[in-house]
Amino acid sequence: MMALEYGEDILVIDAGLMFPDDFMPGVDLVIPDFGYLRERKDHVRWLVLTHGHEDHIGAIPFFLREFDLPVTGTGFTLELLREKLKEHGLLQSARLRKVQAGDRERFGPFEVEFIRVNHSTVDGVGLAIDTPEGIIVHSGDFRIDPTPVDGQPTDLNRFAHYGEQGVLAFLSDSTNAEKEGFTLSERLVTRTLEELFQECRGRIILAAFASNITRIQQMINLAARFNRKVLFSGKSMITNVGIAQREGYLQIPDGLEIRERAVEQFPDHGVAIITTGSQGEPMSALARMAQGKHKNVRIRSGDTIILSSRFIPGNERAITGIINRLYRMGADVIYEKVSDIHTSGHAKQEELKLLLSLVRPRFFIPIHGEYRHLVKHAQLARETGIPEERILLAENGTVICFEKGCMETREAVPTGRVLVDGKGVGDVGEAVLRERMRLSEDGVVVVHLSVDERRGGVIDGPRILSRGFVFEDERGSLLEDVKGIVLEVADEMKALPAPDWRSAEAEIERRLKRFFYKSIERRPLILPIIAAL
């Protein structure tokens, strides 16, 4: 999510989300902190989208709850957004403005041209933004595929056009900046898939991102050519296929598609299934197939499963778990590490250098990816002749100011991650995450004690309840020791002229923490509860 500000006008570019890391148990989504924009709410006037991937549009329903502004994007991107807004009950109030590659739109002091780029989803664009201080070019997510199967190559001519005019600053996708060479063409992926269709005698089940419409079209074309019926499985797959058909990005011959209930009516060599679950998502259609829990598709010997996507870091364990289960069920599994059945949607080093050479910016700011990717992209920029002093490595919250042909950074603004847990947005913080991690690692011990408020004597307890924590060790039970510590604190408190039972709870927690770590080197979450009656 990026904000472009001039005077009292703010243009926002994209509003994406990320999925939670392993240290965020219970968290569903992670969205940007809108704090800076919230403070300038009256100045935030437009939202412009580059493409429809989750990391670029996923936070928009949360954003539109606070900001009433028009959203501009290409047709397929807006249709994906419509589905999200419908789920959040925001579709009726949303103001969506459709553009297409090549259009120019005026947003106050900014005039934006939408430049077609090729990516792993259709209808993606880069942005050429004419501002009072000069032209800023934003690449969006892109790759340079000279032979795209959808006939929609990255429009290098328009990038070169702005390079001729003079570009003040270029912000370019850095996701694959560490990888040498050029991105594999989709046509080579088609050849690999074609070979598999020729060789396979059983069912072919392809798992891909539901947004990868060109890959889905390749499968449809091959299925029609090799006389296989096509079944789409998985909610997001079915939704995106429907959107792509309506927008004209997907063509399915009449009679080719079948419903799930009809799949067993066709011979195995006459079926191709296109499904979700390439990243091992636990609730995806492929995961349910691998667990034998899918309502209509049962994996069997002779099936060929194609995972047509790269292993996203953090998902490797889930993906390999599914691969192993599929092999146990008798299927053959094809994935990126053993075959060319996927190509990235992000430009590699030679493509990045080519675009840098065409745009020829005065200043360069690598964006998208982790910090190491930004550093590597900056090195590539130096190789193309951009001086070191005109390259800026920006991080979240960096304020970059352009004035009279000069670039400088100002004091950073607060940014961060807002955690979405169920219907709660931002109510889960670091302290809660730490407690959840402790619960997941060492369990919880609840200590309940009832005392006489006036006399201070123990009426009932202590009662000890534990979950995810075992009191047994090689010496025997620790339970009596714990009770002794609790009663010791209660006796000390009773001896005081005015017992403070809240302080007693804190003291019980402190002593039990020390006791458990000293005895068995564990740190359970301790919850003392004293009822003063």
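One table, with the values for the structure above:
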quantity	calculated
Residues being without any contact (Cβ under 8 Å) to a residue 24 or more places away in the chain and surrounded by fewer than 16 Cβ atoms within 10 Å (Cβ to Cβ) - total across segment 376-396	7
Matching residues in segment 38-60 - criterion: being out of contact with any strand residue (DSSP E or B) (no Cβ under 9 Å at 6 or more places or on another chain) and either acidic (D, E) or without any contact (Cβ under 8 Å) to a residue 12 or more places away in the chain (or both)	E39, D42
Elements of type strands (runs of 3 or more DSSP E) in segment 85-140, at least 1 residues being closer than 21 Å to M1 by Cβ and of a type in the set (S, T, N, Q)	124-131
Test for P109: is it surrounded by fewer than 18 Cβ atoms within 10 Å (Cβ to Cβ), of a type outside the set (V, I, T) and more than 24 Å from I60 (Cβ to Cβ)	no
Any chance L171 is in the same structural domain as R390 (by TED's automatic domain parsing), surrounded by 18 or more Cβ atoms within 10 Å (Cβ to Cβ) and more than 16 Å from H373 (Cβ to Cβ)	no
Residue in segment 62-70 that is crowded, with 16+ Cβ neighbours inside 10 Å and either closer than 21 Å to H119 by Cα or in contact with a Pro (Cβ under 6 Å, 6 or more places away or on another chain) (or both) present	no
Any hit, segment 87-101, residues being farther than 26 Å from N212 by Cβ and either outside the structural domain of V30 (by TED's automatic domain parsing) or at pLDDT 95 or above (or both)	yes
Selection from segment 44-74 of residues that are part of a loop (DSSP other than H, G, I, E, B) and among the basic types (K, R)	R65
Residue list for segment 358-388, restricted to those being more than 25 Å from D130 (Cβ to Cβ) and assigned to a helix (DSSP H, G or I)	Y371, R372, H373, L374, V375, K376, A378, Q379, L380, R382, E383, E388
Residues satisfying the stated conditions in segment 205-243, i.e. of a type in the set (S, T, N, Q) and more than 21 Å from the chain's Cα centre (by Cα)	Q217, Q218, N221, N227, S233
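Quick grid of which residues meet (1) over 24 Å from E180 (Cα atoms); (2) under 26 Å from the mean Cα position of the chain (by Cα); (3) in the same structural domain as L81 (by TED's automatic domain parsing):
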| residue | (1), (2), (3) |
| --- | --- |
| G124 | no, yes, yes |
| E133 | yes, no, yes |
| I136 | yes, no, yes |
| S139 | no, yes, yes |
| R143 | no, yes, yes |
| T147 | no, no, yes |
| T154 | no, yes, yes |
| G163 | yes, no, yes |
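The values are calculated or read from the model by the stated rules, or taken from the named source; none is laboratory data. Remember, predicted model here, so these are calculated numbers, not experimental data. We place every Cβ from the backbone using ideal geometry, glycine too, and count neighbours over all the protein chains shown.
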